[in-house]
1. List, in order, the whole-Hz ³J(HN,Hα) value for each residue of the range 55-65 obtained from phi through the Karplus relation with A = 6.51, B = -1.76, C = 1.60 and θ = phi - 60°; use x for Gly and Pro.
2. Looking at the chain as a GNM with Cα springs under 10 Å, which of ALA140, ALA240, ALA228 has the largest mean-square fluctuation?
3. Among 169-176, 185-192, 33-40, what's the highest-first ranking by average C-beta atoms within 10 angstrom per residue?
4. What angle, in degrees between 0 and 90 and rounded to the nearest 10, separates the Cα long axis of helix 42-52 from the longest principal axis of the Cα atoms of the chain?
5. Over what distance in Å are the Cα centres of the range 98-142 and the range 1-54 separated?
6. Provide the percentage of antiparallel DSSP beta bridges, counting only those with both residues in the range 87-169; round to the nearest 5.
7. What number, rounded to the nearest 500 deg cm²/dmol, is the helix-based mean residue ellipticity at 222 nm of the chain, given -39500 (n - 2.57) per DSSP H run of at least four residues and division by all its residues?
8. When the chain is treated as a GNM, springs tying every alpha-carbon pair under 10 Å, which of ALA147, ALA31, ALA46 comes out with the largest mean-square fluctuation?
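Read the figures in this text as sums done on the coordinates, not as results from a lab. Just so you know, these numbers come straight off a predicted model, no measurement behind them. Here Cβ is always computed from backbone atoms with ideal geometry, including for glycine, and neighbour counts include all displayed protein chains.
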Amino acid sequence: MLSTSNLKALIAPVAIDMPGTTSGRLAPLLAPPVDITVPEGAREQADCLLASAAVESVETHEVDFGNPCATYHQVELTLTDGFKVSARLIEPQGICRPRAEVPLVLMLHDAGRPVRGWHHMTRFAAIGCAVLALDGGEHASENAEAAFSSLIVPALALVRVGSELPGIDPARVYTWGEGLGGALAFAVAAIMPDRIARCAACNPMPLDFTRGSSAVNLVAWAPRVQCAVLLGTGLRDEVAPTEACIGFAHRTGGDTQLIAYPEHAHERINEFENKVLSFLASE
């Protein structure tokens, strides 16, 4: 459910009836939908996707950056069907590891952008979290639906492997992503509600499509997301419309905080990334 947002602060009552205004656009979106139901067959679809995410083997290779506060590994999974999954793993050490078991953030990147760099992701180690980042390759934004379908299973497989790593607290596994990665973060939370404790996403897309047996209509599946959610949306984003984001937020099964940014389009929002760190570190 949409528990908190800044939407009302962006609405000027006198401008609600004025065509083309932000107030007129947002005001009708404040009311939650009357019918919030999960599509028939959702459980079976989730079970099918999870079965496809079975892992046959895991290989890790250390990457030495000489940082006393973190360790770095390249991770390679082989699924039972032979499909290969690559990821980057960073774990806090030394003064950044206050306890033996730490949370794990599954990080998922946007279409048209590669996986984030090692040093950028070290920020998670600084707040006492491990991070496992899917390296899904670069996919053009116009092919986001196909990319979404092809990356759900690798993301699920990483949760399975990551939550069972030594030193990871399986009760504190989080997902975080931007754009395409945001949609994947929600999909994982919907398919594995018993595994994901928190979920954050910025400008997630696509949220409201159905493609074949391996895709998920996330707006319809939102009630399966039972964890706390932090959702950021740029009001100028024409790729991941704010309307779909608000519709998703209303339907989630857990408490959802939504922050709308009037001056941002489909882009990285530094202020929101800072809020993500606070959100994930607060549990």
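1. 9, 8, 8, 9, 10, 10, 10, 5, 10, 8, 9
2. Maximum among the listed residues: ALA140.
3. Result, highest mean Cβ count within 10 Å first: 185-192, 169-176, 33-40.
4. With rounding to tens, the tilt is 30 degrees.
5. Rounded to whole Å, the Cα centres lie 26 Å apart.
6. 45
7. Here the helix-only value at 222 nm equals -8500 deg cm²/dmol.
8. Per the Cα network of the chain with a 10 Å cutoff, ALA31 tops the list.
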